[in-house]
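Engineer: Attaching a single structure in structure tokens format; questions to follow.
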Amino acid sequence: MTATDRSTELINAAAQAAADKLAHDIIAYDVSDVLSITDAFLLASAPNDRQVKSIVDEIEERLSKELGAKPVRREGDREARWVLLDYVDIVVHVQHSEERVFYALERLWKDCPEMELPEDAKATRGKAAAHAEETAAEQDGELR
């Protein structure tokens, strides 16, 4: 079994929305063969809580306006460290970069097929590491 066309449509729209709000390391997995509760997971991250919230809001707004989809559940909104949007067909995880590294969801789903995403979303790969290096260099410069 593979993700439905509707799931793929939702994943692509959510990935593009996340990329438009400068999310880092956007990736999607087709989990339909191993989970019966959803077809796909979208993972994205951001370096701060405000940006996590902004990405989540954009995904929710875009999916609602363009595809008429509303999440049945939204969790983690108050802390904005890891926000989950459950659309039944797909589940979107937007995490603070530190949570993304710590929980390493990619390790859990690495055996599932990776889904094709829009070019803007693919271009975000490695951005978290680059951002971390820039931040470390800035902090190192301030300490000297």
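Engineer: I'd like to know which of A28, P71, T2 lies farthest towards the positive end of the charge dipole of the chain, counting +1 on Cβ of Lys and Arg and -1 on Cβ of Asp and Glu.
Structural biologist: P71
Engineer: Further question on the same structure: For K65 and E98, compute 0.36 nm times the residue count separating them, minus their Cα-Cα distance, and round to one decimal in nm.
Structural biologist: Values: separation 33, 0.36 × 33 = 11.88 nm, distance 3.09 nm.
Working it through step by step, the gained length comes to 8.8 nm.
Engineer: How would D111, D20, D86, D33 rank on accessible area, largest to smallest, probe 1.4 Å?
Structural biologist: The residues order as D111, D33, D20, D86, largest area first.
Engineer: Would you mind checking the radius of gyration and Dmax of the chain based on alpha-carbon positions, in Å?
Structural biologist: 15.2, 56
Engineer: Provide the per-residue ³J(HN,Hα) series for the range 21-29, in order, calculated from phi with Karplus coefficients 6.51, -1.76, 1.60 and θ = phi - 60°, each as a whole number of Hz, with x at glycine and proline positions.
Structural biologist: 9, 6, 5, 9, 6, 6, 8, 10, 10
Engineer: Using a 1.4 angstrom probe and counting only protein chains, how large is the accessible area of V52 in Å², to 10?
Structural biologist: 0 Å²
Engineer: Karplus couplings for the range 98-110 from phi (6.51 cos²θ - 1.76 cosθ + 1.60, θ = phi - 60°), rounded to Hz, Gly and Pro as x?
Structural biologist: Working through the residues one at a time gives 5, 5, 4, 5, 5, 7, 6, 4, 4, 4, 5, 10, 4 Hz.
Engineer: Would you check the accessible area of T2, probe 1.4 Å, heavy atoms only, in square angstrom rounded to 10?
Structural biologist: Roughly 100 Å² of T2 is accessible to a 1.4 Å probe.
Engineer: Please get the size of the charge dipole for the chain, origin at its Cα centre, with Cβ charges of +1 on Lys and Arg and -1 on Asp and Glu, quoted in debye to the nearest 20.
Structural biologist: Details: 18 positive and 31 negative charges, 55 e Å.
So the magnitude is around 260 debye.
Engineer: Another one. Give the accessible surface of the chain per residue, rounded to a whole number of Å², with probe radius 1.4 Å and ligands, DNA and RNA excluded. Show your work: numbers first, answer last.
Structural biologist: On the way: 8030 Å² over 144 residues.
Computed with neighbouring chains in place, this is 56 Å² per residue.
The values are calculated or read from the model by the stated rules, or taken from the named source; none is laboratory data. Predicted, not measured: the structure shown is a model, and the values here were computed from it. Note that each Cβ is placed from the backbone with ideal geometry, even for glycine, and that neighbours are counted across all protein chains shown. For the accessible areas, the whole protein counts, side chains as well, though only heavy atoms, and no ligand, DNA or RNA atoms are used. Shrake-Rupley method; radii C 1.70, N 1.55, O 1.52, S 1.80 Å.
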